[in-house]
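What follows is a single structure, written as structure tokens, with notes after it.
The values are calculated or read from the model by the stated rules, or taken from the named source; none is laboratory data. Bear in mind the structure is a predicted one, so any value in this text is a computation, not a measurement. Here the Cβ positions follow ideal geometry from the backbone for every residue, glycine too, while neighbour counts run over all protein chains shown.
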Amino acid sequence: MAMKAVSVIPMPGYKLQVTFEDGVSGEVDLKDLVQTTVFTALKDEQFFNQVSFDRSAIFWSDEMEIDLLNIYMELGNKSFDDLFGNFKYASKTDF
């Protein structure tokens, strides 16, 4: 499983073309997201086009980022269980 993004390209209409190193790729539509209070600054297309990315997130500033795991699951049509199998969450009783 390779969830490392190798390319994030801003597209017209508040969309991003995202490609991961394992070939999973597609277009992510963020037009609903830019309507939210936290991401309203992205309505400025020049700012939106300044998108960056690293191993774990797509971001525009320290306060404005999107987790790559969610994008990978959406573009790859995968669930958390598909990626991590029988991952067990620790509870307070486990300690």
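Points to keep in mind about this one:
- The range 16-47: number of residues that are touching a residue at least 40 places away in the same chain (Cβ under 8 Å) and out of contact with any helix residue (DSSP H, G or I) (no Cβ under 7 Å at 6 or more places or on another chain): 1
- The set of residues in the range 26-64 being over 16 Å from Met11 (Cβ atoms) and not charged (D, E, K, R) consists of Gln35, Thr36, Thr37, Val38, Phe39, Thr40, Ala41, Ser56, Ala57, Phe59, Ser61, Met64.
- Residues being of a type in the set (Gly, Ala, Ser), at pLDDT 90 or above and closer than 21 Å to Gly23 by Cβ - total across the range 35-71: 1
- Asp29 acidic (Asp, Glu), in contact with a Ser or Thr (Cβ under 9 Å, 6 or more places away or on another chain) and closer than 19 Å to Val6 by Cα: no
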